[in-house]
1. Can you give the calculated 222 nm mean residue ellipticity of the chain, where each DSSP H run of n ≥ 4 adds -39,500 (n - 2.57) and the sum is split over every residue, rounded to the nearest 500 deg cm²/dmol?
2. Estimate the FRET efficiency between Ala80 and Ser41 by the formula 1/(1 + (r/R0)^6), using the beta-carbon distance for r and 25 Å for R0, to the nearest 0.05.
3. For the range 11-51, rounded, prolate or oblate, judged on the Cα gyration tensor with a ≥ b ≥ c (square roots of eigenvalues), a/c < 1.5 rounded, else prolate if a/b > b/c?
4. Identify the trypsin sites (Lys or Arg not before Pro) of the range 16-80 meeting these criteria: DSSP loop state and at most 13 other C-beta atoms within 10 Å of the C-beta.
5. Note down the net charge around Leu47, summing +1 for each Lys or Arg and -1 for each Asp or Glu among other residues with Cβ under 15 Å from its Cβ.
6. In what order do Val20, Val29, Val62 fall by count of nearby beta-carbon atoms within 10 Å, going from fewest to most?
7. In what sequence do Asp67, Asp46 fall when counting other Cβ within 10 Å, fewest first?
8. To the nearest 20 debye, what is the magnitude of the charge dipole of the chain about its Cα centre, counting +1 on the Cβ of each Lys and Arg and -1 on the Cβ of each Asp and Glu?
Amino acid sequence: MLGVVKMRTNIEERACELAVYIIENRATVRSAAQKFGISKSTVHKDLSERLKDYNRSLYLQVKAVLDENKAQRHLRGGMATRKKYKGE
């Protein structure tokens, strides 16, 4: 896959890299998983559990982005449905 970032084996480093990517790009869990070539479940677990214990300040920053994404997901879903049926 093009654009896939090779992940480190150190889980804490991976969690930090994921968090930085999401914060800088205002990315979703899905897009981060695709970019790093791992599952959404792994991204979520790294950010919500592992990062919380490893780097609290980074966790709080990424949590704000993820909470914003969660609040807006119904809007993105509606726009995707509209686009699908309009043939765009």
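1. Numbers: 5 runs with 64 residues, N = 88.
Helix-only estimate at 222 nm: -23000 deg cm²/dmol.
2. Numbers: r = 22 Å, r/R0 = 0.87.
It comes to 0.70.
3. Working: a/c = 1.57, a/b = 1.16, b/c = 1.35.
Judged from the Cα gyration tensor, the range 11-51 comes out oblate (a/c at least 1.5, b/c at or above a/b).
4. Details: sites: Arg26, Arg30, Lys35, Lys40, Lys45, Arg50, Lys52, Arg56, Lys63, Lys70, Arg73, Arg76; in loops: Arg26.
For trypsin sites (Lys or Arg not before Pro) across the range 16-80 that sit outside H, G, I, E and B with at most 13 neighbouring Cβ atoms in 10 Å, the list reads Arg26.
5. Values: positive: Arg14, Arg26, Arg30, Lys35, Lys40, Lys45, Arg50, Lys52, Arg56, Lys63, Lys70; negative: Glu12, Glu13, Glu17, Glu24, Asp46, Glu49, Asp53, Asp67, Glu68.
That sum, taken over residues with Cβ under 15 Å, equals +2.
6. On the way: Val20 13, Val29 21, Val62 25.
In order of increasing Cβ crowding within 10 Å: Val20, Val29, Val62.
7. On the way: Asp67 10, Asp46 25.
The order, fewest Cβ neighbours first, is Asp67, Asp46.
8. Working: 19 positive and 10 negative charges, 105 e Å.
So the dipole magnitude of the chain works out to roughly 500 debye.
Read-outs throughout are calculated quantities, based only on the coordinates presented, and are distinct from any laboratory measurement. Bear in mind that the values here come from a model prediction, so they are computed numbers and not experimental data. Counting neighbours? That spans all protein chains shown, and the Cβs are built from the backbone with ideal geometry, glycine included.
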